[in-house]
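The values are calculated or read from the model by the stated rules, or taken from the named source; none is laboratory data. Since the structure is predicted, the reported quantities are computational estimates derived from the model, not experimental observations. FYI the Cβ positions are ideal-geometry reconstructions off the backbone, even for glycines, and counts take in every protein chain you see. Just so you know, the surface numbers come from the protein's heavy atoms only, side chains and all, with ligands and any DNA or RNA stripped out. Shrake-Rupley method; radii C 1.70, N 1.55, O 1.52, S 1.80 Å.
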Amino acid sequence: MAPGGDLYGLIEDAALAIIDGRIAWVGAVQDVPYGYSTLSVTDLGGRLVTPALVDCHTHVVHGGNRAAEFEMRLLGASYEEVARAGGGIASTVSATRAASQDALVAGALPYVDAAIAEGVAMIEVKSGYGLDQQTELRMLRAARQIEGLRPIAVRTTFLGAHAVPAEYSGRADAYIEEVCIPTLRTAHAEGLVDAVDGFCEGIAFSPAQIERVFNVAAELGLPVKLHAEQLSNLGGAALAARHGALSADHLEYLDEAGVLAMATAGVVAVILPGAFYTLRETQMPPIELLRRHGVPMAVATDMNPGSSPLSSILLAMNMACTLFRLSPAEALAGATVIAARALGLADRGTLAVGQVADLAVWNCDHPAELAYRIGFNPLHRRIIGGTL
Ligand code: DI6
Ligand code: FE
């Protein structure tokens, strides 16, 4: 560990004891209790050690990509023209429906590997590009399968209320009743769901429609989170707060009433600068209000093929600082302990006794370097559950 201000609680010349995958002791080398002298020792060469990173909002499981749409938009096509040409979210739904589970896994692994290479030990993965029962289940099974193929923990989120599929165009209520809710029940019965999400927006679902899904989540004992106030303010954050949500995500159009509701209910604000950047948004999330009212802020990639083709959590941290004026310390907390909290987990994300020993070891002198450089990866190695 390295010298620096106490913003980070840095310990110089530090040692950390790990027993059975948990942090058993942390402090200065000269204070290591005698009883730990029998443990095997790994010298990390004086490098900076932080909790491993957590990417708490991604859509890495999906079919196809939208590079052609990106190109069309740069040539002047509007979002509507892109959609009429079969682009937009509908094109990802078609590609995802056409993909086998193996193909979905194979498509996600390069993003997962990129995350691992940057010190990520846990990634959240959402469904929401199937929008029919079969494909939503296949996406969630693919997400679960990743855990067996790579050294990373996966948390799955059911996002059936992401968009209205073409076959239900103009019939969003029927989609919620006939597809979304029955699929949620089936996915939960199969053990595929850790949390339930929705997209509360004019182009997606109304607060009343989201509430119907949230009520079923409550009945099943599942925590909820919400894409809220991304493009307009429909009161999604307050709705999430009323339902005791783990997080409300995006939040560019959040107002002070929404901030207060989140603060009171302990809802994490997940800041997603990759989508803000890609959509060339100009309305910033109300960072200063969130800070003033004590709403914890997480930072994530929102990796998805449309609005945020960003797989680098370090770049998301940099963007959170440069675009939204988070401090590097806030960005690091946002991609560790607060990100874990956005997933309902309190057992990781800090270097404290009893925490899961998922660590990142960096070729850095100071933790501010993690958010400072652009497109540079200083990871030395990860330590997962105490294992190098
Ligand atoms: N908000 C977003 O930015 C993405 N989903 C969501 O709820 C957009 C997803 C896409 O364009 O494919
Ligand atoms: Fe998202």
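Against the chain, whose longest principal axis comes from its Cα atoms, helix 313-324 is set at around 80 degrees. The sum of -39500 (n - 2.57) across all DSSP H runs of n ≥ 4, divided by the residue count of the chain, sets its helix-only mean residue ellipticity at 222 nm to -10500 deg cm²/dmol. Comparing mean-square fluctuations of R242, R155, R73 from a GNM of the chain with C-alpha springs under 10 Å, the top value falls on R73. Reported value for region 178-272: 89 Å³ per residue, from the convex hull of its C-alpha atoms. The residues of region 186-330 expose on average 34 square angstrom of accessible surface per residue, using a 1.4 Å probe on protein heavy atoms.
At an R0 of 25 angstrom, the distance between the Cβ atoms of I374 and T282 translates into a FRET efficiency of 0.70.
Shown here is the pair-distance distribution of region 98-181: with all Cα-Cα distances grouped in 10 Å bins from zero up to the longest one, the shares run 18, 44, 26, 11, 1 percent.
Remark: region 1-106 projects, on average over all directions, an area of 12.5 nm² (convex hull of Cα atoms). The angle separating the long axis of helix 207-220 from the principal Cα axis of greatest extent in the chain is about 60 degrees. Charged side chains reduced to their Cβ positions (Lys and Arg at +1, Asp and Glu at -1) give the chain a dipole of some 300 debye around its Cα centre.
What do you get for trypsin sites (Lys or Arg not before Pro) in region 353-388 restricted to DSSP loop and a cutoff of at most 16 other Cβ within 10 Å of the site's Cβ? Don't jump to the answer; show the numbers that get you there.
Working: sites: R373, R381, R382; in loops: R373.
Passing sites in region 353-388 are R373.
Solvent-accessible area assigned to carbon and sulfur over region 191-279 amounts to 56 percent, based on a 1.4 Å probe. Rounded to the nearest 10 degrees, the angle from helix 101-117 to the longest Cα principal axis of the chain is 40 degrees.
The portion of the accessible surface of region 53-94 made up by carbon and sulfur, rounded to a whole percent, is 60 (1.4 Å probe; DNA, RNA and ligands excluded).
For region 273-316, trypsin sites (Lys or Arg not before Pro) meeting the loop criterion (DSSP other than H, G, I, E, B) and having at most 16 other Cβ atoms within 10 Å: R280. Placing dummy labels 7 Å off each Cα toward the beta-carbon, the span from Y79 to S100 is 3.6 nm. Within the set of other residues whose C-beta is less than 13 Å from the C-beta of M297, count the net charge using Lys and Arg as +1 and Asp and Glu as -1. Neighbour charge sum, excluding M297 itself: +1. How would you classify the chain from its alpha-carbon gyration tensor, with a ≥ b ≥ c the square roots of the eigenvalues: rounded for a/c under 1.5, else prolate if a/b is greater than b/c, otherwise oblate? Because a/c hits 1.5 or more and a/b exceeds b/c, the chain counts as prolate. Normalising the Debye intensity of region 147-208 to I(0), with uniform scatterers on Cα atoms only, and taking log10 at q = 0.23 Å⁻¹ returns -0.95. Simple spin-label estimate for Q134 and A67 gives 2.9 nm between the two label positions (7 Å along the Cα-to-Cβ direction from each Cα). Solvent exposure of region 83-185 amounts to 36 Å² per residue of accessible area, where only protein heavy atoms count and the probe is 1.4 Å. With springs only between Cα atoms under 10 Å, which of A342, A28, A204 fluctuates most in a Gaussian network model of the chain? In the Gaussian network model the winner is A28. The stretch between D43 and R242, if pulled fully straight at 0.36 nm per residue, gains 66.8 nm over its current Cα-Cα span. A crude spin-label estimate for the pair N363 and V29, with each label 7 Å from Cα along the Cβ direction, gives 2.1 nm.
Normalising the average separation of contacting C-alpha pairs (under 8 angstrom, six or more residues apart) by the number of residues puts the relative contact order of the chain at 20 percent.
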